[in-house]
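Worksheet: the structure to be examined is printed underneath.
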Amino acid sequence: MAQVNNPREPSAMPVFVMTGMTKRFGATTALDGVDFSVRPGEIRALIGENGAGKSTLVSILAGAGKHDEGTMVFDGRPYRPASPHDARKAGVAVIYQELSLADHMTVEENICLGMEPGRFGFVDTEAMRRRAQAALDQLGHRDMRTTQQVRHLSAAERQVVEIARALSTGCRVIVLDEPTSGLSGDDSRALFSVLRRLARQGCAVVYISHFLEEVTGLCHTFTALRDGRVAGSGKLDGVSVEDLAAMLVGRRSDAMLSRRTHGKPGDIVLTVDGLAAGKRLRLADLALRRGEILGIAGLLGSGRTELLRAIFALDPVVRGDVRVGAYSVGASPSEMLNHGVGLLSEDRKGEGLAAAMSVADNMTLSRLKGFGFAGFISSRSQNATTQKWIDALRIRCAGPLQNVHRLSGGNQQKVALARLLHHDVDVLLLDEPTRGIDVASKAEVYRLIASMAEGDPAGSRSPRSVLLVSSHFPELLAVCDRIAVMKRGELYPARAASEWTEHGLMMAATGQEAA
Amino acid sequence: MNARSENRFRSLSSAAGPLLGLVAVYLLFVAIAPSSFSTAANIQTMARQSTIVVMAALGMTLVIVSGGIDLSVGSVIALSTVVTAWLLDRGSASPLVAAVGGVATGALVGVMTGFLITRLRMAAFIVTLGMMLLVRGAAKGIAAEQKIDAPITFLNGLLASGGTWHWPAGVWITLVMAVAVAVLLRKTIFGRHVTAVGSNPLTARLCGIRVDEVKLIVYTLNGLFAGLAGLMQFSRLTVGDPTVAMGKELDVIAAVVIGGGSLSGGEGSIAGTIIGALIMTVIRSGCAQMGLPNWVQEMVTGTIIVAAVALDRLRQKRL
């Protein structure tokens with residue numbers, strides 16, 4: 001890995017040290033004597049499955065939570081922030097998965113939010129612009145227009161604005177929580193170069209990610225958490241993805257991604273002809289067969305999400321035609337569901353699930369009929385059905401009535417998938433099904449997708465078809481029968497997965513080679 | 001604690017907070033107000049006084065659970081009284097026809113409101129702010145800016161005070177409606193759809209729920225219940241009054257909110273709403289019995305609204 005920079009000074013004192021951190025929530029111990037430190041110029045990976053204690057650790061670091069035992073030292077002085085604002089003032093910034101930008105304000109206003117330069121209460125626009133520009137320059141984003149509203153920016157650009165905000169407050173420890181889960185490969189690489197730049201400038205970077213390949217490519221050191229304890233830490237030189245995965249799950253996960261054996265595809269169940277929608281999707285043709293998993297490989301902004309949304313009639317179609325079997329369809333999502341087509345949203349929290357509703361309601365929302373007579377719902381029957389799926393998919397929850405927002409990301413995703421199974425759809429449109437979920441859950445989701453395409457071995461359920469969108473190319477290569485590349489709003493013809501390599505997909509998706 | 005009992009506990013505690021508040025307020029007045037406060041007659045009076053707000057709040061609960069709001073309820077109540085009186089007086093209609101006419105007018109306004117919100121994609125707050133003025137104006141126009149006198153019929157007996165244990169029909173009608181709406185909201189597919197639309201409209205759409213259809217029905221039902229509230233109002237007034245129930249919509253919204261309804265949607269219950277309305281009535285009645293001036297009642301009621309919502313937030317934080 002030639003691009004990995006060594007920390008400037010191997011002997012440099014850590015800028016931030018946590019010793020013996022312990023945090024209990026009632027009877028459960030979220031952190032149990034965790035040691036953690038980061039040096040200036042170092043990019044340290046913080047990895048662990050959901051529930052391993054990463055979020056708890058970060059919330060304490062960010063001043064959002066209090067620890068029960070242990071000490072924190074920042075820059076040689078005891079550090080005990082009372083609030084996130086306190087932590088920022090001290091020089092520790094956490095950039096969360098859900099970005100905290102004011103959509104209707106401009107880039108420069110967002111960067112200077114809460115500490116606008118001014119005189120007599122009036123904002124000094126010039127100074128604000130200079131400060132924003134300086135931070136963006138430092139990140140290598142000189143040409144970002146500082147007067148545009150943040151809501152027009154891509155996910156990656158928004159991330160840059162967030163980091164610029166942290167920089168302009170003079171932060172020296174920057175923590176990124178799953179920054180690439182919303183980014184395509186290209187944007188991720190741009191972000192990595194920003195982070196390397198930060199580290200070279202002497203910033204300490206803590207990098208939290210589920211993508212172990214990313215971690216080994218980007219970070220210098222790592223701390224792995226498991227069940228609230230440190231399962232391993234040290235330099236990343238010579239540590240493989242498999243080693244890290246083993247530390248996280250506490251057992252060797254051999255062949256997390258094993259290529260599945262492909263069955264014989266059947267009749268065409270979904271046809272898309274010359275589909276165009278919105279600004280992003282310009283032209284897509286595809287034919288999906290029964291029992292087939294067709295992958296769409298595309299970067300963020302390539303129009304892949306828009307393709308699924310247009311097929312499912314969530315977004316208006318500009319032109320083109322969607323056919324399920326022999327029927328032309330596509331007036332509304334409810335009609336698509338009636339035709340046996342279901343969509344899994346990439347935005348699990350915002351769109352996929354109703355957070356305040358129960359597991360049972362979320363799972364059965366699209367098909368509540370049949371739980372009682374004449375429009376009534378029998379809770380008993382609804383809960384029994386839900387319990388069946390909870391068992392079948394091994395969803396970890398307190399029961400059908402638990403609120404879905406109390407579940408971990410992986411289990412939430414299983415609830416969203418179970419909804420499609422409960423609805424008994426024939427065609428599944430899956431948009432980034434493994435985003436933001438832990439390693440073990442990912443493997444389960446892959447198995448689940450593969451088993452859907454196989455149907456019921458007993459023959460009582462015919463094979464389903466899957467259209468799978470992902471920016472994680474190894475995932476596509478492992479799961480799909482065929483893969484088509486999406487680039488700048490155009491879908492290129494699909495080829496058998498065996499004809500692709502990860503490198504080839506990346507080249508095709510970034511346009512460095514004709515697909 | 002398993003999930004079932006956890007959920008029971010939670011749904012219980014969400015109505016238990018307001019219920020505790022009601023009991024506390026009631027006992028407070030029993031202790032400090034004159035003994036006339038705690039008589040059976042006064043309890044019946046309070047039930048009668050709550051009827052109009054409760055009836056309208058049944059529809060408002062559905063609206064608020066679906067993530068909407070309706071500011072036109074007070075005006076619809078007035079229009080309903082005017083239409084009922086007009087039909088009785090000028091149209092010489094039978095009381096039943098007049099009542100149905102008044103209620104149907106309310107439902108019609110609800111259809112219009114729902115149509116504007118769903119088809120023109122306008123914010124409910126703006127649409128119903130407009131409807132509030134529009135409907136009030138229409139009521140005044142029909143009544144030529146005067147009260148419409150109507151002959152006394154059985155309609156006026158709906159909220160008349162009965163014997164000590166013989167409560168008027170209007171109270172019973174409202175209770176039956178309340179049970180029906182509670183069942184609708186908790187036990188039917190439509191109710192689950194209403195909750196889903198308020199909880200997360202994007203999820204609802206993803207699950208094939210016809211969000212616009214659900215909203216249209218919700219606003220129509222809300223208009224219907226506002227019309228029924230207008231009928232109760234007419235029963236008390238015996239005239240059609242285009243200026244009646246000014247600002248009543250705020251009492252109605254307050255009842256829902258005190259009862260645990262969330263203005264961001266997805267939360268609220270009929271039991272809570274009724275308790276919310278009763279809390280306000282008890283305060284009013286108690287203050288009146290003690291001879292406290294109107295401004296004291298208003299300040300106490302305002303405090304209760306803010307405190308109820310603040311307590312609810314605290315409770316949610318803890319859970």
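Evaluating 6.51 cos²θ - 1.76 cosθ + 1.60 at θ = phi - 60° for every residue in the stretch A:111-124, the Karplus couplings come out as 5, 9, 4, x, 8, 5, x, x, 10, 6, x, 8, 6, 8 Hz, glycine and proline recorded as x. Note that the stretch A:469-486 has calculated 3J(HN,Hα) couplings of 9, 7, 9, 9, 5, x, 4, 5, 4, 7, 9, 8, 7, 10, 9, 10, 9, 10 Hz, one per residue in order, obtained from phi through the Karplus relation 6.51 cos²θ - 1.76 cosθ + 1.60 (θ = phi - 60°); glycine and proline are x.
Here's the list of lysines a cross-link from A:LYS23 could span, going by alpha-carbon distance under 21 Å and ignoring same-chain residues fewer than 8 apart: A:LYS54, A:LYS66, B:LYS317. Rounded to the nearest 20, the Cβ-based charge dipole of the stretch A:357-404 about its Cα centre (Lys and Arg +1, Asp and Glu -1) stands at 100 debye. Taking trypsin sites (Lys or Arg not before Pro) as exposed when DSSP calls them loop and at most 14 other C-beta atoms lie within 10 angstrom, chain B has its longest site-free stretch at B:122-319. Of all the options B:ASN156, B:ASN42, B:ASN294, the one that moves most in a Gaussian network model of chain B with Cα springs shorter than 10 angstrom is B:ASN294. A Stokes-Einstein calculation at 10 °C with viscosity 1.306 mPa s, built on the Kirkwood radius of chain A over Cα pairs, returns a diffusion coefficient of 65 µm²/s.
For the stretch A:391-515, relative contact order (Cα pairs under 8 Å, six or more residues apart, normalised by length) works out to 17 percent. Calculate for the protein assembly as shown the 222 nm mean residue ellipticity that helices alone would give, adding -39,500 (n - 2.57) per DSSP H run of length 4 or more and normalising by residue count, nearest 500 deg cm²/dmol. Helix contribution divided over all residues of the protein assembly as shown: -15500 deg cm²/dmol. Database remark: amide H of A:GLY298 closer than 5 angstrom to the amide H of A:SER470, A:MET486 (H placed geometrically; neighbours at sequence offset of 5 or more, or on other chains; Pro and chain starts carry no H). What separates the Cα centres of the stretch A:300-359 and the stretch B:111-179 is a distance of 41 Å. Summing Cβ point charges (Lys, Arg +1; Asp, Glu -1) relative to the Cα centre of chain A gives a dipole of roughly 540 debye. Residues whose amide H lies under 5 Å from that of A:GLY41, counting only those 5 or more places away or on a different chain, are A:GLY202, A:CYS203, A:ALA204, A:VAL205; hydrogens are built 1.01 Å from N in the peptide plane. Placing +1 on the Cβ of every Lys and Arg and -1 on the Cβ of every Asp and Glu, with nothing else charged, gives the stretch B:88-184 a dipole about its Cα centre of roughly 340 debye. Summing +1 for each Lys or Arg and -1 for each Asp or Glu among the other residues whose beta-carbon sits under 11 angstrom from that of A:ASP124 gives +2. Between amide H atoms placed 1.01 Å from N, distances below 5 Å from A:ILE95 occur with A:VAL175, A:LEU176, A:ASP177, all of them 5 or more places distant or on a separate chain. Our summary gives chain A a relative contact order of 15 percent, counting only alpha carbon pairs under 8 angstrom and 6 or more residues apart.
Over all directions, the projected convex hull of the C-alpha atoms in the stretch A:334-382 averages 4.1 nm² in area.
In the structure shown, the pairs A:LYS369/A:LYS414; B:LYS147/B:LYS248; B:LYS187/B:LYS248; A:LYS279/A:LYS349; A:LYS388/B:LYS187 are assessed against 26 Å; a Cα-Cα span above that value is assigned to B:LYS187/B:LYS248. Would you compute the Debye intensity of the stretch B:51-246 from its alpha-carbon atoms alone, equal scatterers and no solvent, and pass along log10 I(q)/I(0) at q = 0.10, 0.19 Å⁻¹ to two decimals? Log10 I(q)/I(0), no solvent term: -0.41, -1.20.
Look at the dipole of the stretch A:168-228 built from charges on Cβ: of A:ALA224, A:ALA190, A:CYS171, the Cα furthest out on the positive end belongs to A:CYS171.
Pairs of Cα atoms nearer than 8 Å and 6+ residues apart set the relative contact order; for the stretch B:51-246 it is 47 percent.
Mean-square fluctuations from a GNM of chain B, with a 10 angstrom spring cutoff on Cα atoms, peak among B:GLN297, B:GLN49, B:GLN233 at B:GLN297.
Just so you know, all these numbers are worked out from the coordinates, no wet-lab data involved. Just so you know, these numbers come straight off a predicted model, no measurement behind them. Cβ sites come from the backbone with ideal geometry, for glycine too, and all protein chains shown count toward neighbours.
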